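What follows is one structure encoded as structure tokens, with my remarks underneath.
The values are calculated or read from the model by the stated rules, or taken from the named source; none is laboratory data. Bear in mind that the values here come from a model prediction, so they are computed numbers and not experimental data. For neighbour counting, all protein chains shown are included, and Cβ atoms are generated from backbone atoms with ideal geometry for every residue, glycine included. In case anyone asks, the SASA skips ligands and DNA or RNA and just uses the protein heavy atoms, side chains included. Shrake-Rupley method; radii C 1.70, N 1.55, O 1.52, S 1.80 Å.
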Amino acid sequence: MVSAQDFTVEANGARAQDRWGGEFGVGYNLHIGPVTVRPIGGVFLHASDNDRFRSETISDGREVCRDHSNGQFADKSNCNDLAAKLYGKIEGTLTVLAVEVGAGARFSGDRTRAYGTAAMNVLPKVKIKGNLGDRYGAIGLMATF
């Protein structure tokens, strides 16, 4: 029997796209007996690799943002060292003795990466979850509502 029972949110520390960062996603659980199919969409936040802009402290003690390509002052938002990349995932899991195991695919930019996944309850609606695949790994919490 197919049933759609709950939404899920995830917060993971992750290594993806050759960068360390955090994944924050929202998904939907579609239950087919002991099998769960879970599409997830979210954002991967990581340190930016843009060295063009840097924060500097000038002689009067103020902190400014400078464009190192031309030496001019720039808007402070350009010196934000945070970058965001959208991702989508689809997972298929099987629950065996309170442990959820399965496989998934992560879509981001022009890359699709397959991974294995496992999760176990730490609270009634909260699981600790790990994902591991080719050049992708994540560990964190997943909650259902």
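Net charge around Gly25, counting only other residues with Cβ within less than 9 Å of its Cβ (Lys, Arg = +1; Asp, Glu = -1)?
The answer is -1.
Run the 1.4 Å probe and let me know the accessible area of Thr36, rounded to the nearest 10 Å².
10
So if each residue of separation counts as 0.36 nm, and I subtract the Cα-Cα distance between Ala114 and Ile58, what length gain in nm does that give?
Extra length from Ala114 to Ile58 when fully extended: 15.4 nm.
Find, among the GluC sites (Glu not before Pro) in the range 42-145, those assigned to loop by DSSP (not H, G, I, E, B) with at most 11 other beta-carbon atoms within 10 angstrom.
none
Long-range amide H contacts for Ser48: which residues qualify at under 5 Å (H placed 1.01 Å from N, peptide plane, sequence gap of 5 or more or a different chain)?
Result for Ser48 returns Leu82, Ala83.
Averaging sequence separations of C-alpha pairs under 8 Å and six or more residues apart, then dividing by the length of the range 61-119, give the relative contact order as a whole percent.
22
Excluding ligands, DNA and RNA, what is the solvent-accessible area per residue of the chain at a probe of 1.4 Å, expressed in Å²?
59
At what distance in nm do the modelled label points of Asn121 and Arg15 sit from each other, each positioned 7 Å from its Cα along Cα→Cβ?
It works out to 3.2 nm between the two label points.
Would you kindly state how much longer the chain becomes between Val99 and Ala83 on full extension, computed as 0.36 nm times their sequence separation minus their alpha carbon distance, in nm to one decimal?
2.4 nm
Go ahead and set up a Gaussian network model of the chain, Cα springs under 10 Å, then flag whichever of Asn29, Asn131, Asn70 fluctuates most.
Answer for the Gaussian network model of the chain: Asn70.
Summing Lys, Arg as +1 and Asp, Glu as -1, what charge do residues with Cβ under 9 Å from the Cβ of Leu45 carry, Leu45 excluded?
0
Stretched out fully, how many nm does the piece from Asp6 to Thr144 gain, at 0.36 nm a residue minus the Cα gap?
Full extension of this stretch gives 49.1 nm more.
Which net charge results for the neighbourhood of Gly71, defined as the other residues with beta-carbon distances under 12 angstrom from its beta-carbon, given Lys and Arg at +1 and Asp and Glu at -1?
Within the 12 Å Cβ shell, the charges total +1.
Would you kindly derive the ³J(HN,Hα) couplings of the range 136-141 from the backbone phi angles with the Karplus curve 6.51 cos²θ - 1.76 cosθ + 1.60 (θ = phi - 60°), listing them in order in whole Hz, with x for Gly and Pro?
Values, residue by residue: 8, x, 8, 9, x, 10 Hz.
List the trypsin sites (Lys or Arg not before Pro) within the range 50-145 that DSSP assigns to loop and that have no more than 13 neighbouring Cβ atoms inside 10 Å.
Arg52, Arg62, Lys125, Arg135
Give the ranking of His31, His68 by solvent-accessible surface, highest area first, calculated with a 1.4 Å probe.
His68, His31
Could you sort Met120, Met142 by their accessible area in this structure, using a 1.4 Å probe and putting the largest first?
Most to least solvent-accessible, the answer reads Met120, Met142.
For the range 87-145, what relative contact order do you get, as a whole percent, if you take Cα pairs closer than 8 Å and at least 6 residues apart?
23
Please list, ordered by chain and number, the residues whose modelled amide H lies under 5 Å from the amide H of Asp6; skip anything fewer than 5 residues away on the same chain.
Asn29
Using alpha-carbon pairs under 8 Å, 6+ residues apart, how would you state the relative contact order of the chain in percent?
22 percent.
Just to make sure I understand: if all protein chains stay in place, what is the order of Asp60, Asp67 by accessible area at 1.4 Å, largest first?
Largest accessible area first, the residues go Asp60, Asp67.
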